[in-house]
Structure formats: structure tokens, C-alpha cells
Amino acid sequence: MKIKQVKARQVYDCRCTPTVEVDVTLDSGAFGRAIVASGASTGKFEALELRDGDPSRFRGKTVYQAIKNIEQEIAPAVIGFDASRQADLDQLLIELDGTPNKTRLGANALLGVSMAAAYAAAQEAGVPLYRHLGGAEARTLPASWVQLFNGGVHTERSIDIQDFSIIPMNARNHDEYLEIGYEIFQTTKDMLRELGKPVGSGDEGGFWPIFDYNEEALELIMQAIRRAGFKPREEIMITMDVAASSFFADGKYHLELEDKHLSAQEWAQMLESWVDKYPIISIEDGMAEEDWQGWELLTARIGDRCQLVGDDLFTTNVERIQEGIRRGAANASLIKLNQIGTVTETLAAVKVSQNANYLPVVSARSGDTEDNTCVHIAVATNSGQLKPGGLTRTCRINKYNEVVRIGQELGDKAIWPIPDLFARFLK
Ligand code: 2PG
Ligand code: MG
């Protein structure tokens, strides 16, 4: 499975922001292609996404240097390497870069090669990527958070909270799940229309909310669930990504819509009151990435009845996840390939989470593409949850479609994870 050729090019994500695409060809002719996704609400502790920074070209966002690094440094180093040895290959990439945060060659450069090599090795082995990475045990289809509202930096901060999604809990399979999600998504649209509110979508395919206060999103979701003929809590649960780092400053949480400046204690109280009032099964980044104490506080308060997901907090970084486990901060981790920069480190982050009973949620990014690697990572690791976005835009729907394909491939071997996945929060 020797790598024969590595080709890289600048392509464009769903915001038309430049990004890295890599092709890896093996001696046998087996071929792998991957595109690196990109975030907007980027965590401070993420590996570096190398951009050229020339404001006259794509507003500084071109990735020509990363491409050059692949062609001139990474390719010569990996040509002749056995692509089936993913962990060794990734170790080589990490050492070649030589910095803790992949700042020299760029995590986007490294990840593109890492993922494309994985695809090439899978093709050579004649198996799909999830099987190549996860073996025969990889057969849990992910339940996707169906995003209804975008917010935060994905909608020019039209509301403070970054996203609201639903999880149909009683669906027996992915098709049924998506059908219920679709019905509620469309009902939400009907209601927005009736209220004279915009029905356009934010960066991740959820609706772009124009609301007077953050809780209005929750109220509307409750109405939409009922109007679509479902029972909140019994049948449908809600997830939120607060992305609290984006409104945390000087030790306070600043809710612009409410004009409130809250201490971690007050903010945790407010989140708890929402969990009391609404069927919220999951809160992501409820506290800011540097506010470990806030995280501990929130976890102690509601961690037994709500999944608390560290995204900016953990940045798919084994050491940060371990720190969270030690401190009792969060009880789940968001997993994004480009936060850490290689396939192997991504899989390691999932493992560390699972070993500590922290549920992993594999996520797309707000700047995503036709690449479906995140879906394969979810299946490969039996994570059970995926965060692809709302029910518009191909960069979102392609993830749902990939789940459909994998489901068909697995046939009756496929495991459908809900509602068991959340049993510990539903007692
Ligand atoms: C997040 C992600 C995906 P972004 O915060 O969870 O929803 O957003 O890719 O912009 O960081
Ligand atoms: Mg997030």
C-alpha cells in the first residue's frame, strides 16, 4: 500500500472560503481524496489552520502556503510510506511539522494528507472508510442533531446562542428519524412565515432567527414540535450549542439580546432553569473555553440529567479531554477532525472520551463541503451522534445521505443508537 503520489489544490467550502483538497494515489492505483472543513466559531485551543493572510486575496483566506507545504515537504516525506499504517503515517506528519499546534506546516495541510491517505488505504482494502478505520465492530449509525436555528457567529449574532437542534427520540431507524426531523423543520418554517419572520438559513442550514430574546427560540421549537404532531420530551428532545466562549469577557457571560451580564453562577442558573422548563437533553459549550470553574459548576448542577458537550473546551485534544475528566467538567466531547489535525489523533480523542464514559459527538464544521469523513468517523467509532447541521444546503444533506448509504451497506447489522444512548440522562 505504498503512497505513490500526493496532489494538493485549493478548493472552496460552503462559504466559498478557500480550503485544502488532497489526492493520494498508491502504487496499486488505489486513490483517496479528502477536503478539509473549516470553522467560524473556532476554539482558542484548536490546531492552526494555516491561511496566507494577504487581505487582497479572498480576504486573507487563501491556503496556498498550506498547498505548497504539502507539495514540497509533506509529499516527499510520505511517498513510499505504507498508507495502511495510519497511526505511523500520522506520527510522521506530526514529527515533520514539529510544533505542538501544527503551526509550521498547518493542521489543514496535515489533515488533508492524513484523510486522503486513509481513503486510499480503504479503497485498496476494498472497504468503506468507516470499516477501514473501525473494523467489523463499526456499525452504529449516528443520530444527527437536526438543527432548527442557527445563531451566534453563524448568523451575524442575530441571537447569542449559536444553535438549537432536535433529536427525535423514538425513531426506529435513520429514515424515520429524518422524516420526523423534516416534518418539524418544515413546521418551524411555516410558523416563522406566519409570524412574518425571515425563513432564510444561517451557515449551518438552520433558520436565521430574528428574535427578541434567546429563549424565544426554545418557545418556538416547543410549538413547532407540538404542531407537527409530536410530544416534546416523550418523543423529541432539544440540543443547544451555546458557544459561550463567544460572549464571555472579563469573567462574565454577556447576553446581548437580554442585555444581561451574568457571572458563571448566574449563567449556570439560567441554563438550569431552561433544562427544568424545556426538554433539553444536550448543551454544548455552556461555559467558555477557559472557564474551567464554570464548567465544573455547570456539570455538578445538571450533568446527571443533561449531556454537556465540550467543543471549544476540548478541541478534540486528548490532553484537554483528560483535564476535563480529571476535573469533572462536561460529560461529552465534540469531535472535529480539523481541530486536531490528523485522523489518528481524532480517533484517540474519541477513545479517551469513551473510556471515561464521555459521549463523543462527531461534528461537521460551519464551513463544510462535499467531504463526508466526519460521518465515517462517527460510524468507525460507534459514537452514536453526529452534528451535521440543518435540513438545507448540500454540505449538510450530504452527511445525512452518507448515513443512508452506510445504513444500507450494513443492512441488519446496523445498530441504531437511540434512545438507549441517553438512558443515563433520562432516569
Ligand atoms: C461548533 C461548530 C459547528 P464552527 O461550534 O460546534 O457547529 O461551528 O464550525 O463554526 O466552529
Ligand atoms: Mg460548538
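The values are calculated or read from the model by the stated rules, or taken from the named source; none is laboratory data. Quick caveat, the model's predicted, so the values are computed rather than measured. Using ideal geometry, Cβ is built from the backbone for each residue, glycine included, and neighbour counts are taken over all protein chains shown. The accessibility values were calculated without ligands, DNA or RNA, using every heavy atom of the protein model including side chains. Shrake-Rupley method; radii C 1.70, N 1.55, O 1.52, S 1.80 Å.
Taking amide H as placed 1.01 Å from N in the peptide plane, the amide H of Ile415 sits under 5 Å from that of Thr140, Leu141, each at least 5 places away or on another chain.
Test of the criteria: in the range 183-288, which GluC sites (Glu not before Pro) are in a DSSP loop and have at most 14 other Cβ atoms within 10 angstrom of their Cβ? Intermediate values should be presented prior to the final figure.
Details: sites: Glu183, Glu194, Glu204, Glu215, Glu216, Glu219, Glu234, Glu235, Glu256, Glu258, Glu266, Glu272, Glu284; in loops: Glu204, Glu234, Glu235, Glu256, Glu258.
Those satisfying the criteria are Glu234, Glu256, Glu258.
Amide H to amide H, with H built 1.01 Å from N, Ile280 comes under 5 Å of Ile238, counting only residues 5 or more places away or on other chains. Step through the table entries Lys7/Lys387; Lys351/Lys387; Lys231/Lys427; Lys102/Lys399, compare each Cα-Cα distance with 21 Å, and write down the pairs that go over it. Check vs 21 Å cut-off fails for Lys7/Lys387; Lys102/Lys399. Taken over the C-alpha atoms, the range 3-126 has Rg and Dmax values of 14.1, 45 angstrom.
Computed on the range 3-126, with alpha-carbon pairs under 8 angstrom and 6+ residues apart, the relative contact order is 35 percent.
Each residue of the range 191-203 is assigned a 3J(HN,Hα), and the resulting list reads 5, 4, 4, 4, 7, x, 9, x, 10, x, 10, x, 4 Hz, derived from the Karplus form 6.51 cos²θ - 1.76 cosθ + 1.60 (θ = phi - 60°), x at Gly and Pro. For the range 228-373, the dipole from Cβ point charges (+1 on Lys and Arg, -1 on Asp and Glu) about the Cα centre works out to 500 debye, to the nearest 20. Computed per residue of the chain from DSSP H runs no shorter than four, each worth -39500 (n - 2.57), the mean residue ellipticity at 222 nm is -11500 deg cm²/dmol.
In the Gaussian network model of the chain, springs joining C-alpha atoms below 10 Å, which of Thr342, Thr316, Thr187 carries the largest mean-square fluctuation? Checking each option, the largest mean-square fluctuation is seen for Thr187. A compact globular protein would have a Cα radius of gyration near 2.2 N^0.38 Å; the ratio found for the range 336-400 is 1.09. Solvent-accessible area per residue in the range 3-126 equals 42 Å², computed with a 1.4 angstrom probe and all protein chains kept. Database note for the chain: Cys without another Cys beta carbon under 4.7 angstrom, Cys16, Cys306, Cys374. At a temperature of 4 °C and a viscosity of 1.567 mPa s, determine how fast the range 60-101 diffuses translationally according to Stokes-Einstein, using the Kirkwood radius over alpha-carbon pairs as Rh; express D in µm²/s, rounded to the nearest whole number. The diffusion coefficient I find is 114 µm²/s.
Each Lys and Arg adds +1 at its Cβ and each Asp and Glu adds -1 at its Cβ; summed about the Cα centre, the chain shows a dipole of about 700 debye.
Across the range 101-116, computed HN-Hα scalar couplings (Karplus, 6.51 cos²θ - 1.76 cosθ + 1.60, θ = phi - 60°) run 10, 6, 7, 7, 8, x, 5, 5, 5, 4, 5, x, 5, 4, 5, 5 Hz from first to last residue, x flagging Gly and Pro.
For Met169, the residues whose amide H sits under 5 Å from its own are Ile236, Met237, ignoring neighbours fewer than 5 places away on the same chain, with H placed 1.01 Å from N. Using only the alpha-carbon atoms of the range 309-366 as identical scatterers, what base-10 log of I(q)/I(0) does the Debye formula give at q = 0.12, 0.17, 0.18, 0.22 Å⁻¹? Listed by q, the Debye log ratios stand at -0.20, -0.41, -0.46, -0.70.
For the chain, averaging the sequence separation of C-alpha pairs within contact (under 8 Å, six or more residues apart) and dividing by the residue count gives a relative contact order of 20 percent. Counting only aspartates and glutamates at least 8 places from Lys61 when in the same chain, those with an alpha carbon closer than 18 Å to its own are Asp13, Glu21, Glu46, Glu49, Asp52, Asp203, Asp368. At a Cα cut-off below 16 Å, give the lysines reachable from Lys197, other chains included and same-chain residues fewer than 8 away excluded. Within the straight-line cut-off, Lys197 pairs with Lys189. Can you tally the net charge around Gln269? Count Lys and Arg as +1, Asp and Glu as -1, for every other residue whose Cβ sits under 11 Å from the Cβ of Gln269. Local charge sum for Gln269: -2. For the range 3-126, a crude dipole built from +1 on the beta carbon of Lys and Arg and -1 on the beta carbon of Asp and Glu, taken about the Cα centre, is about 520 debye to the nearest 20.
Within the range 84-146, the ratio Rg/Rh, alpha carbon atoms throughout and Rh by Kirkwood, equals 1.07.
When only the heavy atoms of the protein chains count and the probe is 1.4 Å, how do Met270, Met115 rank by accessible area, highest first?
Details: Met270 35, Met115 5 Å².
Largest to smallest exposure gives the sequence Met270, Met115.
Shown in residue order for the range 136-144 are the 3J(HN,Hα) couplings computed by the Karplus curve 6.51 cos²θ - 1.76 cosθ + 1.60 at θ = phi - 60°: 5, 6, 7, 8, 8, 6, x, 7, 8 Hz (x for Gly and Pro).
Past the 17 angstrom mark, what percentage of all C-alpha to C-alpha distances in the range 244-340 do you count?
47 percent
Sorting the segments 125-138, 399-412 by their mean number of nearby beta carbons within 10 angstrom, highest to lowest, gives 125-138, 399-412.
With one equal scatterer per alpha carbon and no solvent term, the Debye-computed log10 I(q)/I(0) for the chain at 0.09 1/Å reads -0.52. Packing-based ranking of 382-391, 62-71 yields 382-391, 62-71, ordered from highest to lowest mean Cβ neighbour count within 10 Å. Take every DSSP beta bridge whose two residues both sit in the chain; close to 60 percent of them are antiparallel.
Of the peptides 414-425, 291-302, the order by per-residue mean of other Cβ atoms within 10 Å, starting with the highest, comes out as 291-302, 414-425.
Think of the chain as a dipole: +1 on every Lys or Arg Cβ, -1 on every Asp or Glu Cβ, centred on the Cα centre; then among Ala138, Ile283, Ile397, Ala138 lies furthest on the positive end.
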